[in-house]
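Chemist: Mind looking over this structure? Questions follow.
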Amino acid sequence: MSVRPRVVPLDPRRTAQALARDFAQTAAERDARGGTPKAERDALRASGLLALTIPAELGGLGGNWADMLAVVRTLARADASLAHVYGFHHLTLATLRLFGNAGQWRPWWEQTALRGWFWGNALNPLDTRTVASRGEGCHEFSGKKSFCSGAIDSEMLVASALEEGSRRLLIAALPTSRSGITPHHDWDSIGQRQTDSGSMSFERVRVEPQELLLDPGPLSTPFACLRPLLAQLVFCHTFLGIAEGAFEEARGYTLTEARPWFRSEAAHVTEDPYVLARYGEFWVGLEGVRLLVERAAAHFDRAWQAGERLDADARGALAVDIAAAKVASTRTGLDLASRIFEVTGARATHGALRLDRHWRNLRTQSLHDPLDYKLHELGDWALNGAAPSPSFYS
């Protein structure tokens, strides 16, 4: 596999802003087209941001998780699909660290930084169609997996299967090009249209012992249980970024194109009291979500730094902060992304603008994790003092 040249960003957040400006130019057009955003993924490779969370001694940029999540949020303002696959790339890198031993994750991280690898996802343990059977000195994965975000145009992926007989969940890191792995271009959702979150097939895919993440494995320690919380934080920052992007796009349209209602006494739409009230509501909602999301990201960094010293109580307190941010970012984002048309007017529904993509993206992604269960956890905490119990999903 050839080594890709990369430009190391001196300031990852500024680099993300520059990328987001470029991505925004074609976001509406690519939303209509769907498929793989190949040029944009290559731009992420060239930027060096795929190595943001990899320590400097392994060739990475040495950023923390708050830095990575800020990049997700910045990208989501322009293009929620690219924010999603970028965030899940780093989630996969975290999975290697949380579930594997240093002899596994350190070389994979080094190669990711050196070669600009993009990691895809074929984990989804809720889809139990992939089975791991015993081969000669190895396992073989066979079956199908759904919701494989970012797997197309990836160099590596993390995949899961249920072990034949024991039904134990096995998780492996594999080259996407390995014989027997077939990605399918079958993702056609109303939103997140360029995440390539379709299906993959596995036909007697050889999995070597050193490719299985068994030490310590999932759900083995409070530290290993951080993976689903990081996934939730990626969602929170994606949703906030979508809402901020919708707000800015609506604001620009209101300032340049919208007109006051004929019954209004305002000379310009910017003086219409109802329009001003809506923007005030949007701003208050966004400010509240920003505080919750940023607090949760800082809390996660402290938990990560604790490593194996992290205990169940600390993990539980972090889960509460993230659940609160998730509820707020989902509700505020969906509300704002649907109500921006109240301040832009009927002409803003023109198909070429695709202002509805913000709501479609957030609605599509949020359905993968029902909000009612987050509220149940928060209610149990608020009323009974019971912290959320770890699972593979929350």
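Chemist: Out of 289, 284, report the one residue that is surrounded by 20 or more Cβ atoms within 10 Å (Cβ to Cβ) and closer than 27 Å to residue 340 by Cα.
Modeler: Going through 289, 284 in turn, the sole match is 289.
Chemist: Another question, then. All but one of (1) closer than 30 Å to residue 317 by Cα; (2) more than 23 Å from the chain's Cα centre (by Cα) hold for residue 235; state the number of the condition that does not hold.
Modeler: (2)
Chemist: Out of all the residues in the stretch 149-172, is one or more more than 24 Å from residue 109 (Cα to Cα), surrounded by 23 or more Cβ atoms within 10 Å (Cβ to Cβ) and not β-branched (Val, Ile, Thr)?
Modeler: Scanning the stretch 149-172, I find no residue that is more than 24 Å from residue 109 (Cα to Cα), surrounded by 23 or more Cβ atoms within 10 Å (Cβ to Cβ) and not β-branched (Val, Ile, Thr), so the answer is no.
Chemist: Looking at 302, 360, 331, 347, which one is out of contact with any helix residue (DSSP H, G or I) (no Cβ under 7 Å at 6 or more places or on another chain), buried (at least 18 other Cβ atoms within 10 Å of the Cβ) and of a type in the set (Lys, Arg)?
Modeler: None of the other options fit; the residue is 360.
Chemist: Regarding the stretch 203-216, can at least one residue be identified that is of a type in the set (A, V, I, L, M, F, W, C) and part of a loop (DSSP other than H, G, I, E, B)?
Modeler: Yes, there is a match, as at least one residue in the stretch 203-216 is of a type in the set (A, V, I, L, M, F, W, C) and part of a loop (DSSP other than H, G, I, E, B).
Chemist: Right, another one. Does residue 336 fit the bill of being touching a Gly at 6+ places or on another chain (Cβ under 9 Å), among the aliphatic types (A, V, I, L, M) and within 22 Å of residue 284 (Cα to Cα)?
Modeler: yes
Chemist: Consider residue 374 against the criteria (1) basic (Lys, Arg); (2) under 18 Å from residue 193 (Cβ atoms); (3) in a helix (DSSP H, G or I): it satisfies all of them except one. Which criterion is unmet?
Modeler: Residue 374 satisfies every listed condition except (2).
Chemist: In addition: Give all pairs with beta carbons closer than 7 Å in which a residue from the stretch 67-80 that is at pLDDT 95 or above meets a residue that is outside any helix (DSSP H, G or I) and hydroxyl-bearing (Ser, Thr, Tyr); count only pairs at least 6 apart in sequence or on separate chains.
Modeler: So the pair list comes out as 68/53.
Residue-by-condition table, conditions (1) hydrophobic (A, V, I, L, M, F, W, C); (2) in contact with a Gly (Cβ under 6 Å, 6 or more places away or on another chain); (3) closer than 22 Å to residue 356 by Cβ; (4) in a loop (DSSP other than H, G, I, E, B):
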position	(1), (2), (3), (4)
248	no, no, yes, no
259	no, no, yes, yes
262	yes, no, no, yes
270	no, no, no, no
278	no, no, yes, no
284	yes, no, no, no
288	no, no, no, no
294	no, no, no, no
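Chemist: Right, here's the next one. Can you pull out the residues in the stretch 92-123 that are within 18 Å of the chain's Cα centre (by Cα), assigned to a loop (DSSP other than H, G, I, E, B) and either aliphatic (A, V, I, L, M) or surrounded by fewer than 21 Cβ atoms within 10 Å (Cβ to Cβ) (or both)?
Modeler: If the condition is that a residue be within 18 Å of the chain's Cα centre (by Cα), assigned to a loop (DSSP other than H, G, I, E, B) and either aliphatic (A, V, I, L, M) or surrounded by fewer than 21 Cβ atoms within 10 Å (Cβ to Cβ) (or both), then 123 is the only one that fits.
Chemist: Something else: Return the pairs, sorted by first residue and then second, in which the second residue is of a type in the set (Asp, Glu) and surrounded by 20 or more Cβ atoms within 10 Å (Cβ to Cβ), the first residue lies in the stretch 25-54 and is closer than 23 Å to residue 90 by Cα and touching a residue at least 60 places away in the same chain (Cβ under 8 Å), the beta carbons are less than 7 Å apart, and the residues are 6+ apart or on different chains.
Modeler: Listed pairs, sorted by first residue: 27/79; 36/196.
Chemist: From the list 314, 352, pick out the single residue that is in contact (Cβ under 8 Å) with a residue 12 or more places away in the chain, more than 30 Å from residue 273 (Cβ to Cβ) and outside any helix (DSSP H, G or I).
Modeler: 352
Chemist: Follow-up. Could you grab me the full set of residues in the stretch 183-226 that are among the β-branched types (Val, Ile, Thr) and over 26 Å from residue 368 (Cα atoms)?
Modeler: 205, 207
Chemist: Right, residue 344: polar (S, T, N, Q), assigned by TED's automatic domain parsing to the domain that holds residue 249, in contact (Cβ under 8 Å) with a residue 60 or more places away in the chain and in a helix (DSSP H, G or I) or not?
Modeler: No; evaluated as a whole, the condition is false for this residue.
Chemist: Could you please give the count of residues in the stretch 221-234 that are part of a loop (DSSP other than H, G, I, E, B) and either free of Cβ contacts under 8 Å to residues at least 60 places away in the same chain or touching a Lys or Arg at 6+ places or on another chain (Cβ under 6 Å) (or both)?
Modeler: Residues meeting the conditions: 1.
Chemist: Now for a different question. Could you check the stretch 45-58 and list, in sequence order, the residues that are farther than 15 Å from residue 16 by Cα and surrounded by 17 or more Cβ atoms within 10 Å (Cβ to Cβ)?
Modeler: Within the stretch 45-58, 54, 58 qualify.
Chemist: A further question follows. Checking the conditions here, which among 363, 315, 354, 347 is closer than 23 Å to residue 53 by Cα and of a type in the set (D, E, K, R)?
Modeler: 315
The values are calculated or read from the model by the stated rules, or taken from the named source; none is laboratory data. Note that the structure is a prediction, hence the values are computed from the model and not measured. Virtual Cβ from ideal backbone geometry, glycine too; neighbours counted across all protein chains shown.
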